[in-house]
Amino acid sequence: MKLRDEKASNLVENYIKNEIKESRLKPGSKLPSERELSKMLNVSRTSVREAIKALITMGYLETYERKGTFLSENYKNDKSENLELKNFFNKAPIFDLMEVRIILENNFIPLAVERAEPEDIKKLENALKKMKTSEKNIGEFFYGDLEFHYTLGETTHNTVIIELMKIIRDRIIREKAHFMAAGVETRETTIQVFEEIIKSIKIKDVEKAQKLYISHLNHVEMFFEEKA
């Protein structure tokens, strides 16, 4: 994705968020089509598509084949809820974010392995499938990778962990250019590791899953250090 497309997608994302904030879009409301948003905001349909993917990942939107894209029925317009914490995470240096992410995710892996239900494993497999079928579309790979991490957090069934993962996920989306670059370098290795993590979860092998996961996170962190 080109830099100008990324900036345009941010414009679309901010426009939709503002429509939600001002209650012009309510839970269950249908968004204008890609074509309509493209004309309305004078951006490419690719930029609209990228913004919608980001907002789906963040839980704002839901999309249904042949029906369109809607504001999630479960979305709450929380203007103040967790705002201070979100603002702090949004301003924190990216290396600090990575350190916190490693500490948090490494330590919740045992919970995820022990509490994983068949539906959780299915979600992880779906995220991995998106990564595998992304081929040269690094944007698709990025969102599949992000979905895998967030789903692991959900698999703990711990509400505090899930909320922290939401905040980290949203910050990563804001920094997607950096993480997408990492994805280009680590794509094949990441897919292999995630396949093994799913296998470990299925047989409840906590030690192996944790070892694989921390190795993956350290590998990504090393990429950022090399590019710094």
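The values are calculated or read from the model by the stated rules, or taken from the named source; none is laboratory data. Worth saying up front: this structure is predicted, and the values here are computed from it rather than measured. Backbone-built Cβ (ideal geometry, glycine too); neighbour counts: all protein chains shown.
If you go through the range 50-59 and pick out every residue that is crowded, with 17+ Cβ neighbours inside 10 Å and out of contact with any strand residue (DSSP E or B) (no Cβ under 7 Å at 6 or more places or on another chain), you end up with 6. The set of residues from the range 83-111 being surrounded by 13 or more Cβ atoms within 10 Å (Cβ to Cβ) and among the aromatic types (F, W, Y) comprises F89, F108.
The rows are residues; the columns are (1) surrounded by fewer than 17 Cβ atoms within 10 Å (Cβ to Cβ); (2) under 13 Å from the mean Cα position of the chain (by Cα); (3) not β-branched (V, I, T).
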position: V113; (1), (2), (3): no, no, no
position: I121; (1), (2), (3): yes, no, no
position: K129; (1), (2), (3): yes, no, yes
position: E135; (1), (2), (3): yes, no, yes
position: I162; (1), (2), (3): yes, yes, no
position: I172; (1), (2), (3): no, yes, no
position: M180; (1), (2), (3): no, yes, yes
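Report yes if P110 is in a loop (DSSP other than H, G, I, E, B) and either over 22 Å from K176 (Cβ atoms) or touching an Asp or Glu at 6+ places or on another chain (Cβ under 6 Å) (or both), otherwise no. So P110 fails the test. Considering only residues in the range 2-46 that are hydroxyl-bearing (S, T, Y) and outside any helix (DSSP H, G or I), the one that is modelled with the lowest pLDDT turns out to be S23.
Looking across the range 182-194, just one residue is loosely packed, with under 15 Cβ neighbours inside 10 Å and modelled with pLDDT of 90 or more, and that is Q192. When we screen S215, S134 for residues that are more than 23 Å from A92 (Cα to Cα), outside any helix (DSSP H, G or I) and modelled with pLDDT under 95, the only hit is S134.
Based on what the data block shows, is E140 assigned by TED's automatic domain parsing to the domain that holds I94, over 25 Å from D96 (Cα atoms), surrounded by fewer than 18 Cβ atoms within 10 Å (Cβ to Cβ) and modelled with pLDDT of 95 or more? Considered against the rule, which asks whether it is assigned by TED's automatic domain parsing to the domain that holds I94, over 25 Å from D96 (Cα atoms), surrounded by fewer than 18 Cβ atoms within 10 Å (Cβ to Cβ) and modelled with pLDDT of 95 or more, E140 comes out as no.
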